[in-house]
Amino acid sequence: MAVEATLSLLGVAYDVTDEPALASPLRDASPLRDQRAAGVNPLHQVPALVLPDGEILTESAAILIWLADRYPQERLAPAPLERGRAAFLRWMAFVSSQIYALYWVRDDPARLAADEAHKTVILERTAERISHCWRVMDAQIASGTYLLGEELSVLDLYVAVISRWGPRRRRFYAAAPRMAEVVRRVDADPRLAALWADRFPFVEGWEGEA
Ligand SMILES: N[C@@H](CCC(=O)N[C@@H](CS)C(=O)NCC(=O)O)C(=O)O
């Protein structure tokens with residue numbers, strides 16, 4: 001979703017296929033679909049971006065940074081020599097490695113859990129870790145209107161999307177009150193309204209429980 005939001009802000013034409021996720025070996029995949037998905041991303045994960053020349057880009061943070069750098073005139077990231085670049089890279093990597101990585105097990109705790117009770121413990125402990133990481137980021141980041149100051153960047157899109165996943169937004173708001181204001185601003189961005197409504201609608205109760 002963060003990649004799609006970035007592509008739509010950039011006004012770049014793109015096609016979406018959910019096949020890598022649908023074809024995950026842990027889901028109900030047909031052999032044909034699985035073969036096609038593995039050709040795009042051997043880890044069977046989305047996002048995976050196929051560039052016009054056929055080059056494949058995986059890893060959400062890499063894709064977002066690459067897109068922002070590829071279209072510098074749209075100003076979706078501080079440029080390499082600009083003030084704010086170090087913080088930008090720091091927090092993109094932080095969200096990817098400290099938070100997003102935990103969803104490999106949260107999405108299917110049986111990947112690590114030996115039994116049902118173990119799954120519950122994994123879900124609780126990873127939720128606690130995610131809240132802790134958001135708390136640390138909230139305390140350290142020098143946010144303004146957006147997370148890196150006055151301009152919207154792909155970091156804002158990344159955090160707005162990942163903070164919607166379990167343990168969901170109310171827990172995120174409690175852990176990260178300063179970033180909460182920013183993600184609400186991103187949710188309400190009129191340029192993204194149609195995309196959110198289509199792909200990630202704000203259905204009743206979407207913010208979860210505190
Ligand atoms: N490190 C990857 C993680 C991607 C990821 O975990 N994607 C999930 C969907 S949000 C997925 O495709 N899961 C299917 C699976 O792991 O089998 C990234 O940052 O892009």
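General remarks:
- All positions within region 182-204 that are closer than 22 Å to Ala61 by Cα and not in a loop (DSSP other than H, G, I, E, B): Val182, Val183, Arg184, Arg185, Val186, Asp187, Arg191, Leu192, Leu195, Trp196, Arg199
- Flag if Ser97 is within 16 Å of the ligand (Cβ to nearest atom), polar (S, T, N, Q), modelled with pLDDT of 95 or more and open to solvent by less than 80 Å² (accessible area, probe 1.4 Å): yes
- Odd one out for Ala114, checked against (1) open to solvent by 80 Å² or more (accessible area, probe 1.4 Å); (2) within 16 Å of the ligand (Cβ to nearest atom); (3) modelled with pLDDT of 95 or more: (2)
- If you go through region 150-165 and keep only what is in contact with a helix residue (DSSP H, G or I) (Cβ under 7 Å, 6 or more places away or on another chain), part of a loop (DSSP other than H, G, I, E, B) and in contact (Cβ under 8 Å) with a residue 40 or more places away in the chain, you end up with Ser153, Trp165.
- Residue within region 118-137 that is in contact with a Ser or Thr (Cβ under 6 Å, 6 or more places away or on another chain) and either within 25 Å of Glu181 (Cβ to Cβ) or open to solvent by 20 Å² or more (accessible area, probe 1.4 Å) (or both) present: no
- Arg169 vs. criteria open to solvent by less than 20 Å² (accessible area, probe 1.4 Å), in a loop (DSSP other than H, G, I, E, B) and of a type outside the set (S, T, N, Q): no
- Selection within region 36-47 - in a loop (DSSP other than H, G, I, E, B) and near the ligand (Cβ under 10 Å from one of its atoms): Asn41, Leu43, His44, Gln45, Val46, Pro47
- Of the residues making up region 48-94, those that are of a type in the set (A, V, I, L, M), within 16 Å of the ligand (Cβ to nearest atom) and open to solvent by 40 Å² or more (accessible area, probe 1.4 Å) are Val50, Ile56, Ala62, Leu89, Ala93.
- Filtered residue count, region 9-35, keeping only those that are more than 11 Å from the ligand (Cβ to nearest atom), modelled with pLDDT of 65 or more and loosely packed, with under 15 Cβ neighbours inside 10 Å: 7
- Set Ala180, Ala127, Ala176, Ala160: member being under 19 Å from the mean Cα position of the chain (by Cα), farther than 23 Å from Leu64 by Cβ and among the small types (Gly, Ala, Ser): Ala127
The values are calculated or read from the model by the stated rules, or taken from the named source; none is laboratory data. What you see is a predicted model, and the numbers here were worked out from it, not measured in a lab. No Cβ is skipped: glycine too gets one built from the backbone with ideal geometry, and neighbour counts run over all protein chains shown. Side chains are part of the model used for accessible areas, which takes the heavy atoms of the whole protein and leaves out ligands, DNA and RNA. Shrake-Rupley method; radii C 1.70, N 1.55, O 1.52, S 1.80 Å.
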